[in-house]
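Below: the structure, in structure tokens.
Every number in this text was worked out from the coordinates using simple rules, so none of it is lab data. From a predicted model like this one, the values you see are computed outputs, not experimental measurements. Every residue, glycine among them, receives a Cβ derived from its backbone with ideal geometry; neighbour counts consider all protein chains shown.
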Amino acid sequence: MLKKVSDYLRGTQVWKSIFRHGPPTTARNRAMVMLANVFLHLHPVRARSSGIRLSFTWCMGGLTFFLFLVEAVTGILLMFYYRPVAASAYTDIMALREDVPLGIMREIHRWGAHLMVITVWLHMFRVFMTGSYKPPREFNWGIGVVLLVLTLLLSFTGYLLPWDQLAIWAVTVGTNMARAHPVIGHEGPLEGILKFEDVDFVTSGNDIRYALLAGRFVGEATLLRFYVLHCIAVPVMAMVLMAVHFWRVRKDGGISGPL
Amino acid sequence: MHLIGSTIFETIDYWANTLTNPTWLFPISIVLLILSLRYAHVWTRPPIAIGIGVFLAALVAYSCMDWPGVDHSQFRESITKADNLPIIIILTLLYITYWISLRKASLNDARIAQGKPPLEASEKSRKVLVWPDLVYTELIAMVVCTAILILWSVAVPAPIEEPANIARTPNPSKAPWYFLGLQELLVYFDPWLAGVVLPGLIMVGLIAIPYVDRNPKGNGYYTLRERKMAIFVFLFGFLILWVLQVFLGTFLRGPGWNFFGVYEYWDHNKIEPLENIDISEIFYVNILGGYEPDSVWVRELPGIALVIIYMTVLPLVIARTVGKKMFRELGAIRFGIVVNLALIMAAVPLKMVARWLFNLKYVVNLDIPEINLNI
């Protein structure tokens with residue numbers, strides 16, 4: 001009965017218009033699945049059996065990408081309910097907790113972000129331990145390092161958004177270091193070289209920390225700035241670099257293996 | 001504090017609190033790292049590795065409970081804090097992945113010693129279809145990951161504290177857990193180094209790895225023997241200078257960023273005397289027995305000379321002595337980059353040790369307003 005229905009469905013014009021090949025039961029059709037589907041096309045048709053072993057890759061790179069998608073989806077849902085202004089940011093978060101029955105979107109977003117930091121570290125650890133950064137993959141390792149930093153920045157910019165004590169003080173501690181940036185931080189070394197007679201060109205009102213916070217301390221303008229960085233700027237950068245990263249995995253010979 | 005408590009538990013607590021002090025924790029961890037690499041073929045055998053894992057889990061369970069004469073409420077509070085759960089997860093996963101990678105490496109090393117190719121190469125020619133072999137693995141991984149995430153989210157509500165209040169500073173105020181390594185560096189270095197230069201160099205150093213590691217062996221398979229040095233340097237940076245500092249910053253740093261032993265109560269009134277001195281004082285006062293010169297430049301001359309010697313003369317000495325072979329293989333430019341990056345990395349533990357031994361604050365302290373540079 002089920003077989004009949006499935007055979008019928010596979011025979012319809014609608015099905016055939018979507019999947020341009022038969023069921024993936026033969027080697028030919030299994031290759032076709034990978035070639036015809038734009039998402040699966042990230043992968044090659046064939047791969048070295050040692051390379052795709054779970055005990056070799058720990059699947060950490062793939063899970064990092066998956067968690068990025070989870071963060072994107074839950075993040076968009078949270079954006080519907082969250083306004084990045086000091087007057088309502090905290091109450092919007094509280095409303096998510098108090099008013100939504102069984103609401104776990106913020107939880108999934110937050111724990112997923114922590115998990116993504118973990119998977120990206122372990123991915124780097126695995127790539128190092130297998131020597132997979134060696135030629136011809138040197139450049140892609142560098143892209144990976146930048147992606148690691150972007151992951152931390154994504155998590156860090158998101159830290160501020162709940163606008164509670166934890167948020168502003170963690171971000172205050174984290175951004176306080178910028179005031180000590182050499183030359184362009186107002187308390188940093190060599191800050192005095194950008195001084196003309198009595199006019200100091202680097203002050204607490206225009207240094208690199210000010211640019212980061214949009215103010216002398218973490219305030220309303222910082223919230224908006226971090227919100228835009230968190231939802232638009234950093235994710236877009238990460239997406240572009242991920243495209244390069246995945247492309248180069250393929251171009252550099254797929255998952256690494258002994259030469 | 002007394003050496004031997006009235007119960008065995010008090011004695012254990014005393015030693016645990018003592019040995020988790022950075023002055024002990026770092027040397028012990030470095031020795032453990034070296035031993036774990038040296039004897040990887042022994043401890044990574046499944047019964048032993050699982051035994052160690054069970055022991056560590058039991059240790060955590062022990063630490064969560066109160067025992068006669070001891071109160072572990074501080075540890076319990078730290079470990080059950082919702083935002084600290086990711087740290088428990090990464091420490092657990094790191095133990096498992098460290099085990100797997102060293103296990104595979106020692107198996108491969110044994111094969112290579114017998115003249116056989118590594119395990120990964122023995123099935124090199126075997127190519128399989130990605131559908132279903134890889135796609136299904138990925139699907140299962142995603143489903144498991146989603147299940148864990150949902151369970152975690154249902155069980156642990158995302159924390160939310162009181163509304164932001166710029167006028168009320170919590171103590172301790174900590175950076176997000178993955179940046180705690182940098183916050184820990186602030187104990188030993190000023191913010192321009194700990195928060196700007198060193199993080200920048202970590203990135204540069206990581207990106208530089210493939211260009212300075214010219215060893216063609218160990219590409220695409222687990223091995224230890226073929227790239228001992230590279231693995232040791234990386235693990236030293238990753239596990240000791242990064243992950244261990246995250247652990248330290250989370251569980252052992254309390255109010256005022258003071259150190260507290262693993263079971264010690266976080267006393268807000270704890271004051272640690274700060275009697276740190278600069279190298280200029282050590283040189284002019286302690287060694288020469290005189291006074292520090294008035295001129296800043298003269299005063300800082302010993303420190304500046306030390307830094308210049310460390311960054312220029314030392315690499316030359318290394319190139320001529322222990323690093324002779326490396327210098328020949330890498331060439332002058334690569335050698336210069338790799339040795340300078342390694343020396344800067346080594347400077348972090350060196351300064352820590354100098355702090356513990358001599359209360360060293362600054363090597364160089366150019367407190368002229370326009371320069372304001374200290375190391």
| request: Determine which aspartates and glutamates satisfy two conditions relative to A:Lys195: a Cα distance under 18 Å, and not lying fewer than 8 residues away in the same chain. | output: A:Glu187, A:Asp207, B:Asp367, B:Glu370
| task | Could you work out the mean count of beta carbons from other protein chains within 10 Å of each residue's beta carbon in B:340-353? | result | 0
| query | Relative to a virtual label point 7 Å from the Cα of B:Glu292 in the Cα→beta-carbon direction, which members of region B:355-375 show backbone nitrogen distances below 12 Å? | reply | B:361-368
| field | Near-label residues of region B:48-65 by backbone N, under 16 Å of a point 7 Å along Cα→Cβ of B:Thr7 | value | B:62-65
| Looking at chain B, do any whole DSSP H helices span at least 24 angstrom along their long axis by alpha carbon and average -0.5 or above on Kyte-Doolittle, and which? | B:46-64, B:85-113, B:130-155, B:324-358
| message | Starting from the Kirkwood Rh over alpha-carbon pairs, what translational D in µm² s⁻¹ does chain A have by Stokes-Einstein at 10 °C and 1.306 mPa s? | response | 72
| Given only helices, namely DSSP H runs of n ≥ 4 each adding -39500 (n - 2.57), what is the per-residue ellipticity at 222 nm of chain B, to the nearest 500 deg cm²/dmol? | -18000 deg cm²/dmol
| message | For the pair A:Glu138/A:Leu259, report the inter-label distance in nm, with labels modelled 7 Å from Cα in the Cβ direction. | response | 1.2
| By how many nm would the segment from B:Arg168 to B:Asp133 lengthen if fully extended, with 0.36 nm per residue of separation less the alpha-carbon distance? | 7.0 nm
| note | Across B:137-144, the residue-averaged tally of Cβ atoms belonging to other chains within 10 Å stands at 4
| task | Beta carbons within 10 angstrom, averaged per residue: use that to sort the peptides B:308-316, A:90-98, B:255-263, highest first. | result | B:255-263, A:90-98, B:308-316
| request: Loop only per DSSP, at most 16 neighbouring Cβ atoms within 10 Å: give me the chymotrypsin sites (Phe, Trp or Tyr not before Pro) in region B:1-63, ordered by residue number. | output: B:Tyr39
| Angle between chain A longest axis and helix A:2-11 axis [Cα atoms, degrees, rounded to 10] | 80
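Taking R0 as 25 Å, what's the FRET efficiency between A:Ile193 and B:Ala332 from their Cβ-Cβ distance, rounded to 0.05?
0.20
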| query | Expressed in nm to one decimal, what extension gain is obtained for the pair B:Tyr211 and B:Tyr265 from 0.36 nm per residue of sequence separation less their Cα-Cα distance? | reply | 14.7 nm
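Across the residues of B:89-101, average count of Cβ atoms on other protein chains within 10 Å?
Working: counts 4, 7, 1, 0, 7, 4, 0, 2, 7, 2, 0, 5, 8.
Per-residue shielding by partner chains comes out at 4.
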| message | For the pair A:Val38/B:Val143, report the inter-label distance in nm, with labels modelled 7 Å from Cα in the Cβ direction. | response | 2.7
| remark: Most fluctuating of B:Leu288, B:Leu244, B:Leu360 in the GNM of chain B (C-alpha, under 10 Å) is B:Leu288
| Between A:Val85 and A:Lys16, what length comes free when the chain is fully extended (0.36 nm per residue of separation minus the Cα-Cα distance, one decimal in nm)? | 19.8 nm
| field | Packing-based ranking, highest mean first, of A:13-20, B:92-99, B:329-336 given that Cβ atoms within 10 Å are counted | value | B:92-99, B:329-336, A:13-20
| task | Enter the angle in degrees (range 0 to 90, nearest 10) between the Cα long axis of helix A:138-159 and the first principal axis of the Cα atoms of chain A, meaning the one along which they spread out most. | result | 60
| Label-point separation, B:Trp257 to B:Ala155 (7 Å along Cα→Cβ), nm | 3.4
| query | Among the aspartates and glutamates, which fall within straight-line cross-link reach of A:Lys251, defined as a Cα-Cα distance under 15 Å, with same-chain neighbours fewer than 8 residues apart omitted? | reply | A:Glu138
| query | Which value in Å is the Kirkwood Rh of the protein assembly as shown over different Cα pairs? | reply | 27.5
| Förster radius 41 Å - calculated FRET efficiency between B:Thr23 and B:Ile96, Cβ distance, rounded to 0.05 | 0.90
| B:Lys81: which lysines have alpha carbons under 24 Å from its alpha carbon, excluding same-chain residues fewer than 8 sequence positions away? | B:Lys174, B:Lys270
| Is chain B rounded, prolate or oblate when judged by the Cα gyration tensor, a ≥ b ≥ c being the square roots of its eigenvalues, rounded requiring a/c under 1.5 and prolate requiring a/b larger than b/c? | oblate
| said: Given Cβ point charges of +1 (Lys, Arg) and -1 (Asp, Glu) and nothing else, what value in debye, to the nearest 20, does the dipole of the protein assembly as shown about its Cα centre take? | reply: 4380
